[in-house]
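K.L.:
The structure under discussion is supplied below as C-alpha cells; questions concerning it will follow.
The values are calculated or read from the model by the stated rules, or taken from the named source; none is laboratory data. Predicted, not measured: the structure shown is a model, and the values here were computed from it. So basically every Cβ, Gly included, is an ideal-geometry build from the backbone, and we count neighbours across all protein chains shown.
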Amino acid sequence: MNAPADATEATAVQRAARQAEVVRALQAVLPADALLYTAEETTPYECDGLTAYRQRPLAVALPETEEQVQAVLRACHALEVPVVARGAGTGLSGGAMPHPLGVTLSLAKFNRILAIDPLAQTAVVQAGVRNLAISEAAAPHGLYYAPDPSSQIACTIGGNVAENSGGVHCLKYGLTVHNILQVRGYTVEGEPVTFGGTALDSPGLDLLALLIGSEGMLAVVTEVTVKLVPKPQLARCIMASFDDIRQAGDAVAAVIAAGIIPAGLEMMDKPMTAAVEDFVHAGYDLTAEAILLCESDGTPEEVEEEIGRMSEVLRQCGATAIAVSRDEAERLRFWSGRKNAFPASGRISPDYMCMDSTIPRKRLADILLAIAEMEKKYQLRCANVFHAGDGNLHPLILFDANDPDQLRRCELFGADILETSVAMGGTVTGEHGVGVEKLNSMCVQFSPEENEQMFAIKRAFDPKELLNPGKVIPTLHRCAEYGKMLVRGGQLSHPDLPRF
C-alpha cells in the first residue's frame, strides 16, 4: 500500500469537495461573472508582487456592490472559510497571497471616486481606486493626494490602507495613516463598520490607526475618505553625487539635523543608479557611489531659500557634484529613475526580492556596508534604493526563482538584512508589510508575549481567525522552530519549518 500517494489523493478529494461546497454558497449570492473557480481563472491571483511564493485559492469573488461583499463574507463565515482581500496585487510581502482552502475577495470593481470636496479638502473613494487617480481627479481643484508609492499608477487605496504605504514624499507629508480620515468596510461576519470620522478627531480609541497597516486581518475595506493637500506653487529637486557611501549617509542625517524637512529625500547606490539610468536615462552620475535626491516644495521664495540651505549642507558633507532642476520637466526626469527602480531591476535579473526594513538615519552607511558583505556571503547581487529621510530601506536582492538554491540563499540574505536592521535599532518593515515574507524575522523582533498580544487584538475582531490567516504574526511554534534553525546555523529549507 502506497500511503503517501493515498494521502495525497485523499487531500485532493477533500479539496475538491470543499471547493464545490464553497462555490455553491457563493453562486447563491454572486452573479456568474463575479465568481472564478477553475484553475485557469484563479491562476492570475496566485500571488502578489512577491512572486516567489504562489498558491491558488478555492475561488475568487469579484463583487460590485457592498451588499455583495457582505453576502460573500457571511457565506464564508458560515462555512468557516478563510478570506483574503485583494486590491491590485502590487504588494511586495505576500500579504495578498491566497489561502489554499480559502476565498480571495477582490475589490477590483470598487473603482469609483464618490465625491471630492475642495472646501474640506477631502475625497471619498472606493477601495479599488488607484492611488494616482485620486490626484488626477483632484487636480482641477489645485489639490492632490500626498502619499505616492512607486506603484501609484497601479496600486489601490485599499491596498495602501492595508499596508500603510508611504512613497518618496512621505518624509514631509506622512504615510497613509497620516492622510486618512475615515474607512468604511465589513467585519469577517459581514457586519458594517466605520473607523474614524470626517472631523479632525473622533471619540474613543484610535481604531482607525489600528486598522491602517493591519494587512487585511481585521476587516475588509470598501470605502476610504482621504485628505487632500494644495498643490505647491513650485517644486525643485537637487541631485547630489557622492564618491563615498558613508558621506552620503551622513549627509542625509545632516540635512535633517539642520532643521530642514525636504519634500523628498531619497538615496540610490551605484548598482541601482546604473540599472535605472540604462532604463530611463534620467541623467544620473554613473561614477558616483551613491546619489541623493532632495526635493523642496512651496512658494518660490520658500523653495529658493531651502534649496540654498540644502545645497550648502550637501557640499559640507562632501558632495562631488550638485545639480538643481531648472524646470518641471527636469525635476520629473530626476525622479523618473527613482520611480522606476523596480521595473529597472526586472530588466537585469529574472527575479528580485525587495526588503523593507527601517533603521535610524545615522546607521544608513552601516547597513549599506553590511549589505555589501552579505552579497559576498550569499553570492547574490543587491541594488539599494530607499527613503533615506526616514531610514526606510528597499534593498532589491537579485536572483533566479527557477533555481531552488538561489531562492534559498535569497531568503537567507533577506532575513539577514531584516535582522541586522533590528540589531541596529530598526524594524523589519516600514511600508510593505510583513505578509508571509517577514514572518520568521518577526520572531527576532518581538517576544512570544508581544506576538500573543497582537493575536489577541486580531481575535477581538476575528475570533475564528478567518481573515488573511497565517500572515503577519508568527505562531509560538514557528518562532521556536526558527530559533532552533538559527542555533544550527541557518537553513530556511529545514523540513520542520513552514515557509509561510
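K.L.:
Within the stretch 301-333, work out how many residues are small (G, A, S), in contact (Cβ under 8 Å) with a residue 60 or more places away in the chain and either surrounded by fewer than 19 Cβ atoms within 10 Å (Cβ to Cβ) or not in a loop (DSSP other than H, G, I, E, B) (or both).
P.N.:
Count: 4.
Residue by residue, here is whether (1) surrounded by fewer than 19 Cβ atoms within 10 Å (Cβ to Cβ); (2) without any contact (Cβ under 8 Å) to a residue 24 or more places away in the chain; (3) outside any helix (DSSP H, G or I) holds:
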| residue | (1), (2), (3) |
| --- | --- |
| L210 | yes, no, no |
| P232 | yes, no, yes |
| C237 | no, no, yes |
| S241 | no, no, yes |
| M272 | no, no, no |
| A288 | no, no, yes |
| C294 | no, no, yes |
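K.L.:
Taking the stretch 180-190, which residues are surrounded by fewer than 22 Cβ atoms within 10 Å (Cβ to Cβ) and in a loop (DSSP other than H, G, I, E, B)?
P.N.:
Within the stretch 180-190, T187, E189, G190 qualify.
K.L.:
Could you list all residues from the stretch 456-500 that are modelled with pLDDT of 95 or more and surrounded by fewer than 14 Cβ atoms within 10 Å (Cβ to Cβ)?
P.N.:
A456, R459, A460, P463, K464
K.L.:
Inspect the stretch 249-265 for any residue being surrounded by fewer than 20 Cβ atoms within 10 Å (Cβ to Cβ) and without any contact (Cβ under 8 Å) to a residue 12 or more places away in the chain and give the result as yes or no.
P.N.:
yes
K.L.:
Hey, another quick one. Might you let me know whether the stretch 119-126 holds any residue that is in a loop (DSSP other than H, G, I, E, B) and either crowded, with 23+ Cβ neighbours inside 10 Å or touching a Gly at 6+ places or on another chain (Cβ under 8 Å) (or both)?
P.N.:
no
K.L.:
State yes or no: is T51 within 19 Å of K471 (Cβ to Cβ), surrounded by fewer than 18 Cβ atoms within 10 Å (Cβ to Cβ) and out of contact with any Cys (no Cβ under 9 Å at 6 or more places or on another chain)?
P.N.:
For T51, the condition - within 19 Å of K471 (Cβ to Cβ), surrounded by fewer than 18 Cβ atoms within 10 Å (Cβ to Cβ) and out of contact with any Cys (no Cβ under 9 Å at 6 or more places or on another chain) - is met.
K.L.:
Quickly run through the stretch 418-442 and pick out the residues that are in contact with a Pro (Cβ under 8 Å, 6 or more places away or on another chain), under 19 Å from V252 (Cβ atoms) and surrounded by 23 or more Cβ atoms within 10 Å (Cβ to Cβ).
P.N.:
Once the filter is applied, which keeps residues that are in contact with a Pro (Cβ under 8 Å, 6 or more places away or on another chain), under 19 Å from V252 (Cβ atoms) and surrounded by 23 or more Cβ atoms within 10 Å (Cβ to Cβ), the stretch 418-442 yields only E431.
K.L.:
Quickly run through the stretch 96-118 and pick out the residues that are of a type in the set (G, A, S) and either part of a loop (DSSP other than H, G, I, E, B) or in contact with a helix residue (DSSP H, G or I) (Cβ under 8 Å, 6 or more places away or on another chain) (or both).
P.N.:
Matches in the stretch 96-118: A96, G102, S106, A108.
K.L.:
Same structure again: From the list P57, P31, P63, which residue is of a type outside the set (F, W, Y), at pLDDT 95 or above and in contact with a His (Cβ under 9 Å, 6 or more places away or on another chain)?
P.N.:
P57
K.L.:
Ok, one more. Please indicate, with yes or no, whether at least one residue in the stretch 76-89 is buried (at least 17 other Cβ atoms within 10 Å of the Cβ) and either acidic (D, E) or part of a helix (DSSP H, G or I) (or both).
P.N.:
yes
K.L.:
Right, another one. Is there any pair with a first residue in the stretch 446-460 that is assigned by TED's automatic domain parsing to the domain that holds A423 and on the phi < 0 side of the Ramachandran plot and a second that is modelled with pLDDT under 95 and surrounded by fewer than 14 Cβ atoms within 10 Å (Cβ to Cβ) whose Cβ atoms are under 7 Å apart and which are 6 or more apart or on different chains, and what are they?
P.N.:
P448/L476
K.L.:
In the list S336, S345, S349, S357, which residue meets the criterion of being touching a residue at least 24 places away in the same chain (Cβ under 8 Å), within 16 Å of L292 (Cα to Cα) and among the hydroxyl-bearing types (S, T, Y)?
P.N.:
S336
K.L.:
A further question on this structure: Please work out if A401 is over 24 Å from A251 (Cβ atoms), assigned to a loop (DSSP other than H, G, I, E, B) and outside the structural domain of N164 (by TED's automatic domain parsing).
P.N.:
Here the answer is yes, as A401 does meet what is asked.
K.L.:
A further question follows. Looking only at the stretch 216-230, which residues are crowded, with 24+ Cβ neighbours inside 10 Å and either free of Cβ contacts under 8 Å to residues at least 60 places away in the same chain or of a type outside the set (A, V, I, L, M) (or both)?
P.N.:
G216, the sole residue that qualifies.
K.L.:
With the structure loaded, tell me whether G174 is of a type in the set (G, A, S) and either assigned by TED's automatic domain parsing to the domain that holds R315 or under 26 Å from T104 (Cα atoms) (or both) or whether it fails that test.
P.N.:
Considered against the rule, which asks whether it is of a type in the set (G, A, S) and either assigned by TED's automatic domain parsing to the domain that holds R315 or under 26 Å from T104 (Cα atoms) (or both), G174 comes out as no.
K.L.:
Right, L368: under 23 Å from E431 (Cα atoms) and outside the structural domain of A275 (by TED's automatic domain parsing) or not?
P.N.:
Considered against the rule, which asks whether it is under 23 Å from E431 (Cα atoms) and outside the structural domain of A275 (by TED's automatic domain parsing), L368 comes out as yes.
K.L.:
Of all residues in the stretch 130-166 being without any contact (Cβ under 8 Å) to a residue 40 or more places away in the chain and part of a loop (DSSP other than H, G, I, E, B), which is surrounded by the fewest Cβ atoms within 10 Å (Cβ to Cβ)?
P.N.:
I153
K.L.:
Before we move on, is M442 in a helix (DSSP H, G or I), at pLDDT 95 or above and in contact with a Phe, Trp or Tyr (Cβ under 9 Å, 6 or more places away or on another chain)?
P.N.:
No, not satisfied.
K.L.:
Here is a follow-up. Scan the stretch 251-260 and give yes if some residue there is closer than 30 Å to S349 by Cβ, under 28 Å from the mean Cα position of the chain (by Cα) and part of a strand (DSSP E or B), otherwise no.
P.N.:
No, the stretch 251-260 contains no residue that is closer than 30 Å to S349 by Cβ, under 28 Å from the mean Cα position of the chain (by Cα) and part of a strand (DSSP E or B).
K.L.:
So, one more: Among the residues of the stretch 33-48, is there at least one that is touching a helix residue (DSSP H, G or I) at 6+ places or on another chain (Cβ under 8 Å), over 30 Å from R408 (Cα atoms) and assigned to a helix (DSSP H, G or I)?
P.N.:
Scanning the stretch 33-48, I find at least one residue that is touching a helix residue (DSSP H, G or I) at 6+ places or on another chain (Cβ under 8 Å), over 30 Å from R408 (Cα atoms) and assigned to a helix (DSSP H, G or I), so the answer is yes.
K.L.:
A further question follows. Any residue that is at pLDDT 95 or above and under 20 Å from Y173 (Cβ atoms) - is there at least one of those in the stretch 311-326?
P.N.:
yes
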